[in-house]
Every structure is written in C-alpha cells, then in structure tokens.
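The values are calculated or read from the model by the stated rules, or taken from the named source; none is laboratory data. Keep in mind that this is a model prediction, so the values were computed, not measured. In this analysis, Cβ positions are derived from the backbone assuming ideal geometry, glycine residues included, and neighbour counts consider all displayed protein chains. These accessible areas exclude ligands, DNA and RNA; they are computed on the full protein's heavy atoms, side chains included. Shrake-Rupley method; radii C 1.70, N 1.55, O 1.52, S 1.80 Å.
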Amino acid sequence: GAVVSQHPSWVICKSGTSVKIECRSLDFQATTMFWYRQFPKQSLMLMATSNEGSKATYEQGVEKDKFLINHASLTLSTLTVTSAHPEDSSFYICSASDLAGANNEQFFGPGTRLTVL
Amino acid sequence: DAKTTQPPSMDCAEGRAANLPCNHSTISGNEYVYWYRQIHSQGPQYIIHGLKNNETNEMASLIITEDRKSSTLILPHATLRDTAVYYCIVRVGSRYNQGGKLIFGQGTELSVKP
C-alpha cells in the first residue's frame with residue numbers, strides 16, 4: 001500500500017533555530033502534499049497545501065515566512081520552521097495524495113514531534 | 001465544505017460492534033463522507049468513504065442515511081487496537097478529485113474495553 005514517511009520522527013531544538021522536516025511518498029508519486037499541525041488534546045489543523053513545482057497555498061492565519069514549504073519533487077516535500085519558539089512546539093503531520101490510486105485518498109505520515117526549548 | 005458533529009467520546013466492549021455516528025446536515029450533493037482514525041501519537045489512517053450508497057471494506061462499514069444528513073461508521077468486531085480518535089469529514093470530491101484538502105473536526109474518542 002501507499003506509504004508516507006517523515007523525518008525526523010522527533011526533534012528538540014533551541015529557541016531561535018530553524019528546523020526542517022521531510023515528508024516522502026515512498027511508493028507513489030504525489031503531486032500534492034499537505035502539512036498539518038496538532039497540539040496536545042486537539043484536532044489536526046491544516047497549515048498548507050503543497051503542490052510539486054509551485055508555491056504552497058497557506059491556510060488563513062499561518063505565516064508563510066515562518067513555515068517554509070518546498071515541494072521540489074513528486075516524492076518529497078519539506079517544512080522548515082524558521083526561528084522556532086516554544087509556542088511552535090507541536091506534532092507536525094504531512095499527507096500525500098496518490099492521484100493515480102484507485103480511490104485517490106490521502107495517506108498520512110507518522111508525524112514529527114517538535115519540542116522547542 | 002460542510003461541518004460535521006460527532007460525540008466527543010464513546011466506549012465499546014471488545015468483540016462487540018462499535019457504531020460511531022456523525023451528523024452532517026448541511027452536506028451538499030457533491031460532498032463525500034470520509035472517515036479517518038488516529039491512534040495516539042500517530043498519523044491519521046484512512047478507513048472508508050462514500051457518497052450515498054452504503055460501503056464496506058475490510059476495516060469497516062459506512063451507512064449513510066437516505067437524506068445524507070448523517071452517517072454511521074461500524075466496526076463489526078472491535079478490538080483493543082481500535083482504540084483511537086475517529087474523524088468524520090465531508091469534502092467536495094469526485095472520482096478524479098479526491099486528493100483535496102481535509103478539514104478535521106474534533107472527532108470521537110473511541111475506547112475499546114476488555
């Protein structure tokens with residue numbers, strides 16, 4: 001079946017540093033990938049939609065200069081949290097659409113837990 | 001996309017059927033009903049989706065009312081590993097456009113007990 005991986009699975013960084021999270025579709029090509037953020041005891045919140053070869057579309061209230069998204073290939077999208085602060089600590093999850101699949105459903109990665117000290 | 005309403009939590013005995021309801025009274029004719037679940041600290045997992053007919057797969061069954069204003073996800077024989085948050089999502093889609101964004105609500109926290 002379709003598999004999406006994320007790296008790293010967890011990261012701890014100091015306030016003010018930047019952190020890059022990778023999202024890969026391992027066995028299919030994904031023209032569209034999505035990035036979500038989830039705080040403890042809350043639901044997933046969509047941050048942005050990433051299309052291969054073009055600029056990401058950010059949801060209202062998400063700072064595009066703080067959360068840099070790059071989707072340079074059909075199997076890789078990256079999210080960079082720039083100048084991270086403790087309030088950016090969260091569970092970041094990506095998903096990818098397999099438009100060639102029978103149901104075109106979204107497949108989710110296992111998530112990356114970011115802790116900013 | 002239409003909003004959904006789900007009970008915040010439910011319990012189910014192991015081995016029994018788990019019936020998770022979802023109200024989507026403002027659903028439009030071109031919106032599908034999707035169900036995902038999220039086990040603690042993992043990414044969501046696709047379960048099933050449908051438009052107006054009932055659907056069944058190896059994981060679950062989806063029953064959609066005739067007016068499409070509500071649906072029920074059925075896990076026929078719940079196990080402890082089915083303990084998770086279950087999300088009901090309605091989204092515009094078509095056979096060739098089901099890769100669009102998903103907006104998650106609060107979901108139902110299902111606890112399967114021995």
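Values for this structure:
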quantity: Residue in the stretch A:30-42 that is nearest to the other protein chains (Cβ to nearest Cβ), counting only those that are open to solvent by less than 10 Å² (accessible area, probe 1.4 Å) and at pLDDT below 95; calculated: A:34
quantity: Boolean, residue B:41 is under 24 Å from residue A:38 (Cα atoms), open to solvent by less than 70 Å² (accessible area, probe 1.4 Å) and modelled with pLDDT under 95; calculated: yes
quantity: Odd one out for residue A:45 among (1) among the aliphatic types (A, V, I, L, M); (2) open to solvent by less than 70 Å² (accessible area, probe 1.4 Å); (3) within 21 Å of residue B:103 (Cα to Cα); calculated: (2)
quantity: Residues being in a loop (DSSP other than H, G, I, E, B) and over 21 Å from residue B:37 (Cα atoms) - total across the stretch A:1-52; calculated: 13
quantity: Any hit, the stretch A:88-109, residues being more than 22 Å from residue B:34 (Cβ to Cβ), within 14 Å of chain B (Cβ to nearest Cβ), touching a residue at least 40 places away in the same chain (Cβ under 8 Å) and touching an Asp or Glu at 6+ places or on another chain (Cβ under 7 Å); calculated: no
quantity: Residue within the stretch A:83-95 that is open to solvent by less than 80 Å² (accessible area, probe 1.4 Å), at pLDDT below 95, of a type in the set (Gly, Ala, Ser) and over 11 Å from the mean Cα position of the chain (by Cα) present; calculated: no
quantity: Qualifying residue in the stretch A:60-70 (condition: open to solvent by less than 70 Å² (accessible area, probe 1.4 Å), within 10 Å of the chain's Cα centre (by Cα), in contact (Cβ under 8 Å) with a residue 24 or more places away in the chain and at the interface with another protein chain (Cβ under 9 Å from one of its Cβ atoms)); calculated: no
quantity: Filter pass, residue A:80 being within 13 Å of chain B (Cβ to nearest Cβ), polar (S, T, N, Q) and either open to solvent by 20 Å² or more (accessible area, probe 1.4 Å) or closer than 22 Å to residue A:39 by Cα (or both); calculated: no
quantity: Flag for residue B:90 being open to solvent by less than 60 Å² (accessible area, probe 1.4 Å), within 14 Å of chain A (Cβ to nearest Cβ) and either more than 13 Å from the chain's Cα centre (by Cα) or β-branched (Val, Ile, Thr) (or both); calculated: no
quantity: Among the candidates B:47, B:64, B:74, residue that is within 14 Å of chain A (Cβ to nearest Cβ) and surrounded by 14 or more Cβ atoms within 10 Å (Cβ to Cβ); calculated: B:47
quantity: Matching option when the condition is more than 14 Å from chain A (Cβ to nearest Cβ), under 18 Å from residue A:105 (Cα atoms) and basic (Lys, Arg), among B:69, B:52; calculated: B:52
